[in-house]
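Working notes, beginning with the structure itself.
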Amino acid sequence: MAEHEYIEEIRQVWDLVKESFRKSLSDTTVNLWFGEIDILSFSRDLITMSIPSEFKYSIVKEKYLDKIQAEFSRLLGFDIRVELVFTGSPTAADTVRSVLPEKADLPEHSEKAAPAAEAPLSAGSSDEADRDEDEQVMPVYSFEYTFDNFIVGSTNKFAHAACIAVANHPATNYNPLFIYGHSGLGKTHLMCAIINRMKENNPDVKITYTKGEDFTNQMISCLANKSMDEFRDRFRKCDALLIDDIQFIAGKMSIQEEFFHTFNALFEEKKQIILTSDRPPRDIKLLEDRLKSRFEWGLLADIEPPDLELRIAIIKNKAEQVNVTIPDDVLNFLGENLRSNIRQIEGAIKKLGALSFLSGRAITMDVARVCISELLGGAEPVSSTLDRVFITVTKKYGISREEMVGPKRNKEIANARHACIFLIRQVTDMSLPAIAKVFNRDHATIMSSLKNVDSRMQVDSDFLAELTDMKREIVGY
């Protein structure tokens, strides 16, 4: 395959570059300056990127191009030059300036932008209030996020079912619908799926979708421009209001006051309200009690981190989407180690695909280990820790790994197996079902084994000392 045909793969690496910038820059900054950049061409030593705005071109070239080149080189594993070209757009500069504050300070290096609520009321430009209503209220949401391509498992099936019910029958049984869970677990996917289903059911439905931060910023802008009636019309004259990351309004008294009245107006008119947060209402500090109680009027649906089975299904699905072939042993390895969230999984798949096509090699366990060691922040993959546990237990009791995971149940093998299961539970964060899979047993058997060890430790000080010594050896190996 010719190098120019790898544009799509380089775009995936570019997504990883932008994701890494989000660690030091705000989402608003990343979207503003890098959102319109595309990959124009690629060769083994040069990536050419295009940008349609002359104004953005000058800013990105001056402040960020060196960082972009360095991050590309780091992710690809070799030095590569990055060139940025201006492709031309007669109104691009004016468009960019129209959404910037009149005296905006461009973000410097790695400092995150200050929260919008801390900015003075003059932070919004007068041009911003005159922009099209949909442009202001509706952040870009993906038409590709649907219920059909949301991977369902035990940790998210309740939230998934609740969202389908709300999308098909808004403002009936579950109002408001409050979805909570850590970042990267699929809350926004479900929000977009709701929007797409509601529009599919009723093309004329009026939906307002925004983020807690954007709600705050728009209110500040409208206060400054004395256009609060317009602001209220945007958020109260709709059939459904969806707000991502509602916890952002916590601690901002005037914002909470306005949202309180917005909530009441919509609820009284029997309009659907859907909110997401990284925690349940009761745990959002500095959120007014009257809002907490209203958020709990309807249905609370939590999304937990995916279990092993769901992680493997997600990895397989994401790999198929980008035409990356991953062998079963690597799938299991990734599933055991990529535990944080779905974004981490997507990042790993993109990086694996890039490493594979650039090196011309198939994706193997060695390639996967190199890939995820960086994603894990230097932490050791679970499989390496498992190996150390088995080695340590074998050395202590003279029972092989094959015997411990095998079907034999004589006393010596059973004792070693119990100790091994206990130590795995102690030195890893593997779930009981995941440990059961290692030993070819069921969840109940693993629980019974742990109870056996616990009971024995309470009456056998020598056994307790053995386990303590082995754990110390494993951790300090």
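The values are calculated or read from the model by the stated rules, or taken from the named source; none is laboratory data. All figures in this text were calculated on a predicted structure; none of them were measured in a lab. Neighbour counts are summed over all protein chains in view; Cβ atoms, including those assigned to glycine, are modelled from backbone coordinates with ideal geometry.
Condition first: out of contact with any strand residue (DSSP E or B) (no Cβ under 8 Å at 6 or more places or on another chain), surrounded by fewer than 14 Cβ atoms within 10 Å (Cβ to Cβ) and either at pLDDT below 80 or closer than 27 Å to Val370 by Cβ (or both). Can you find one or more residues in the stretch 46-65 that meet it? For the stretch 46-65, residues out of contact with any strand residue (DSSP E or B) (no Cβ under 8 Å at 6 or more places or on another chain), surrounded by fewer than 14 Cβ atoms within 10 Å (Cβ to Cβ) and either at pLDDT below 80 or closer than 27 Å to Val370 by Cβ (or both): absent. For the stretch 294-319, the candidate set comprises residues that are at pLDDT 90 or above and not in a helix (DSSP H, G or I); within that set, the residue that is farthest from the chain's Cα centre (by Cα) is Trp297.
Quick check on Lys285: is it without any contact (Cβ under 8 Å) to a residue 24 or more places away in the chain and assigned by TED's automatic domain parsing to the domain that holds Gly251? Write out each step before concluding.
Details: without any contact (Cβ under 8 Å) to a residue 24 or more places away in the chain: no; assigned by TED's automatic domain parsing to the domain that holds Gly251: yes.
It is false that Lys285 is without any contact (Cβ under 8 Å) to a residue 24 or more places away in the chain and assigned by TED's automatic domain parsing to the domain that holds Gly251.
Scan the stretch 396-405 and give yes if some residue there is on the phi > 0 side of the Ramachandran plot, surrounded by fewer than 16 Cβ atoms within 10 Å (Cβ to Cβ) and not hydroxyl-bearing (Ser, Thr, Tyr), otherwise no. So far as the stretch 396-405 goes, yes, one or more of its residues are on the phi > 0 side of the Ramachandran plot, surrounded by fewer than 16 Cβ atoms within 10 Å (Cβ to Cβ) and not hydroxyl-bearing (Ser, Thr, Tyr).
Residues to consider are Leu331, Leu355; find the one that is at pLDDT 85 or above, hydrophobic (A, V, I, L, M, F, W, C) and surrounded by fewer than 22 Cβ atoms within 10 Å (Cβ to Cβ).
Working: Leu355 fails: at pLDDT 85 or above.
One residue alone meets the criteria, Leu331.
Taking Ala301, is it buried (at least 21 other Cβ atoms within 10 Å of the Cβ), in contact with a helix residue (DSSP H, G or I) (Cβ under 9 Å, 6 or more places away or on another chain), touching a residue at least 40 places away in the same chain (Cβ under 8 Å) and not polar (S, T, N, Q)? Spelling it out, Ala301 is indeed buried (at least 21 other Cβ atoms within 10 Å of the Cβ), in contact with a helix residue (DSSP H, G or I) (Cβ under 9 Å, 6 or more places away or on another chain), touching a residue at least 40 places away in the same chain (Cβ under 8 Å) and not polar (S, T, N, Q). Which residues, counting only those in the stretch 152-180, are in contact with a Pro (Cβ under 8 Å, 6 or more places away or on another chain), surrounded by 18 or more Cβ atoms within 10 Å (Cβ to Cβ) and either of a type outside the set (S, T, N, Q) or modelled with pLDDT of 95 or more (or both)? Those that are in contact with a Pro (Cβ under 8 Å, 6 or more places away or on another chain), surrounded by 18 or more Cβ atoms within 10 Å (Cβ to Cβ) and either of a type outside the set (S, T, N, Q) or modelled with pLDDT of 95 or more (or both): Phe178, Tyr180. Only residues that are in contact with a Cys (Cβ under 9 Å, 6 or more places away or on another chain) and surrounded by fewer than 20 Cβ atoms within 10 Å (Cβ to Cβ): list them for the stretch 206-230, please. Lys206, Met228, Asp229, Glu230, listed by residue number. For the stretch 181-205, taking the residues that are surrounded by 21 or more Cβ atoms within 10 Å (Cβ to Cβ) and on the phi > 0 side of the Ramachandran plot, the one that is farthest from the chain's Cα centre (by Cα) is identified as Gly181. Scanning the stretch 433-449 for residues that are crowded, with 17+ Cβ neighbours inside 10 Å and assigned to a helix (DSSP H, G or I) yields Ala434, Ile435, Ala436, Lys437, Val438, Ile446, Ser449. Pairs meeting the criteria (first residue in the stretch 336-347 and touching a residue at least 40 places away in the same chain (Cβ under 8 Å), second residue of a type in the set (Val, Ile, Thr), beta carbons under 8 Å, at least 6 apart or on different chains) are Glu336/Val382; Asn337/Ile372; Asn337/Val382; Ile342/Ile314. Scanning the stretch 351-366 for residues that are in a helix (DSSP H, G or I), farther than 16 Å from Val13 by Cα and in contact with a helix residue (DSSP H, G or I) (Cβ under 8 Å, 6 or more places away or on another chain) returns a single hit, Met365.
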